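Right, one structure below, let's go through it.
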Amino acid sequence: MTTDSDEPITDVGAHYGRSRQRIQALLRNAPAGAAAQRVAACPGWSVHDVIAHLVGVIEDAAAGRLSGVPTEALTAAQVARHTATPLDTLLDQWDVLGPVFQIRLTELRIWPALFDVLTHEHDIRTALQQPGARDVDSVRIAADLLRQGLHAGTEIRVVFTDLGEMTPTVVDDQLDELDRTFRLTTTPFEFFRLRMGRRSADQVEAMQWSRNPTPVLHQLFVFGPAVAPLVEDIFNTNPS
């Protein structure tokens, strides 16, 4: 695993900041037309719209309009109010607003904000065909938290492997439990993406399961599943 920070797991803001900085570096160096590129993971949105949403979340939080996960109406308003704002200006605003927002994330331990920025980082990477940062600490931490939530209320058990390695080690005292459960073997990145609705039901069903997951498949998705398959090949996995 690539270590992207020395920050403790509780420092949500630091992990958010790492993702924000990677997105900004990616887009500052992107070719002309990147802002208008369509984002398959967010139907109807461009790369510009995704950044408008991320900046809009901070604006809404500061204005007291946000008390949880943004509603569809609030998200649409975030995108609409920045329709005419150039991408570079949005990135400049994010540079100004981001650090203060990150302090609040850490103080209040608002993990969904990290899930949101990481999700959209990889949405943008896929749209621009610039994959990377799939094995950083932040992705593994987010995947672990989402796995804990899943394990607490379902018969699904998830075994993580590293990128490129799909042979998990199962110790003897796990075997009886695993025989009674639906065991999925996957990487933290793939698990994070599917939980956040970036994989279709067919894609998830075709993953490495101990038995047919159809009876419990619906329990996997925090958002989604995706209507159409989203293919993100495993290559160029180092952070950029």
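The values are calculated or read from the model by the stated rules, or taken from the named source; none is laboratory data. What you see is a predicted model, and the numbers here were worked out from it, not measured in a lab. We place every Cβ from the backbone using ideal geometry, glycine too, and count neighbours over all the protein chains shown.
Name the single residue, out of those in the stretch 186-207 being in a loop (DSSP other than H, G, I, E, B) and of a type in the set (A, V, I, L, M, F, W, C), that is surrounded by the fewest Cβ atoms within 10 Å (Cβ to Cβ).
The first filter runs over the stretch 186-207 and keeps only residues in a loop (DSSP other than H, G, I, E, B), leaving 187, 196-199, 206-207.
Those left that are additionally of a type in the set (A, V, I, L, M, F, W, C): 196, 206-207.
Working: 196: 23, 206: 12, 207: 15.
Per the stated criteria, the residue is 206.
Rundown of residues vs (1) modelled with pLDDT of 95 or more; (2) within 23 Å of residue 41 (Cβ to Cβ); (3) assigned by TED's automatic domain parsing to the domain that holds residue 119; (4) not acidic (Asp, Glu), yes/no style:
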{"site": "149", "(1), (2), (3), (4)": "no, yes, no, yes"}
{"site": "173", "(1), (2), (3), (4)": "no, no, no, no"}
{"site": "197", "(1), (2), (3), (4)": "yes, yes, no, yes"}
{"site": "225", "(1), (2), (3), (4)": "yes, yes, no, yes"}
Margin query: Just the residues that are at pLDDT 95 or above and aliphatic (A, V, I, L, M), please, taken from the stretch 31-53.
Written below: 34, 35, 36, 39, 40, 41, 47, 50, 51, 52
Item checked: Count of the stretch 108-144 residues which are surrounded by fewer than 19 Cβ atoms within 10 Å (Cβ to Cβ), without any contact (Cβ under 8 Å) to a residue 60 or more places away in the chain and under 12 Å from the mean Cα position of the chain (by Cα) -> 1
Check: How about the stretch 18-40: which of its residues are within 23 Å of residue 114 (Cα to Cα) and in contact with a His (Cβ under 8 Å, 6 or more places away or on another chain)?
Finding: 23, 35
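For the stretch 208-221, what are the residues that are among the polar types (S, T, N, Q) and surrounded by fewer than 12 Cβ atoms within 10 Å (Cβ to Cβ)? Steps first, please.
The initial filter retains those residues of the stretch 208-221 that are among the polar types (S, T, N, Q), namely 208, 210, 212, 214, 219.
Of everything in the stretch 208-221, those that are among the polar types (S, T, N, Q) and surrounded by fewer than 12 Cβ atoms within 10 Å (Cβ to Cβ) turn out to be 212, 214.
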Next item on the list: Please work out which one of (1) within 20 Å of the chain's Cα centre (by Cα); (2) under 27 Å from residue 129 (Cα atoms) is the condition residue 89 fails and give its number.
Entry: (1)
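Is it fair to say residue 129 is at positive phi and among the polar types (S, T, N, Q)? Working first, answer last.
On the way: at positive phi: yes; among the polar types (S, T, N, Q): yes.
In short, yes.
Looking at the structure I just gave you, is residue 118 in a helix (DSSP H, G or I) and in contact with a strand residue (DSSP E or B) (Cβ under 8 Å, 6 or more places away or on another chain)?
Values: in a helix (DSSP H, G or I): yes; in contact with a strand residue (DSSP E or B) (Cβ under 8 Å, 6 or more places away or on another chain): no.
No, not satisfied.
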